[in-house]
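Asks: Take a look at the following structure, please.
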Amino acid sequence: MTTCNKWSAAALMSAALLWLIAPAAAQSSMDAFFGNTLLMTLDSGAEIRMYIDPDYTYAGVSTDGSAFGGTWELKDGQACFTREPATHESVCDAYPGRQVGDVWDGTIVAGGMPITLTIVEGR
């Protein structure tokens, strides 16, 4: 193998390795959510529970007990959730890097209501 071919093969292998590692790294930044519950509490005390899975899907139970779900992806350092069937545009938030027990404030897209988000251990 010539020096040029050796470099080409090495570059190709490096690119393939990065392609394989990138999704795993993205998922690892969301590890705290897998197997746990994202609890969203409204000012009224009503709760929405969401379960985020490593296969880029999520499911949840709304305040009225109705089920919802869809897919998620990481975009520009944020987790973006697309509901299926689509009821609104994707919702993005700075979820990556959070840990079980973290609590932060947010806003529900539909209606702009403030919520408190908590990662609760278990489902």
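The values are calculated or read from the model by the stated rules, or taken from the named source; none is laboratory data. Because the structure is predicted, anything quoted here is derived from the model rather than measured. All Cβ positions, glycine included, derive from the backbone under ideal geometry; neighbour counts span all protein chains shown.
Asks: I'd like to know if the range 32-53 contains one or more residues that are within 21 Å of THR116 (Cβ to Cβ), among the acidic types (Asp, Glu) and surrounded by 13 or more Cβ atoms within 10 Å (Cβ to Cβ).
Replies: yes
The rows are residues; the columns are (1) assigned to a loop (DSSP other than H, G, I, E, B); (2) farther than 16 Å from LEU42 by Cβ.
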position	(1), (2)
PRO85	yes, yes
GLU89	yes, yes
VAL100	yes, yes
TRP104	no, no
GLY112	yes, no
THR118	no, no
ARG123	yes, yes
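A quick yes/no check of all residues on (1) loosely packed, with under 13 Cβ neighbours inside 10 Å; (2) within 17 Å of ILE48 (Cα to Cα):
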| position | (1), (2) |
| --- | --- |
| LYS75 | yes, no |
| VAL91 | no, yes |
| ARG98 | no, no |
| THR107 | yes, yes |
| GLY112 | yes, yes |
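Asks: Could we say that GLY65 is assigned to a strand (DSSP E or B), among the small types (Gly, Ala, Ser), farther than 13 Å from SER29 by Cβ and free of Cβ contacts under 8 Å to residues at least 24 places away in the same chain here?
Replies: no
Asks: Any residue that is at pLDDT below 90, of a type outside the set (Gly, Ala, Ser) and out of contact with any Asp or Glu (no Cβ under 8 Å at 6 or more places or on another chain) - is there at least one of those in the range 43-56?
Replies: No, the range 43-56 contains no residue that is at pLDDT below 90, of a type outside the set (Gly, Ala, Ser) and out of contact with any Asp or Glu (no Cβ under 8 Å at 6 or more places or on another chain).
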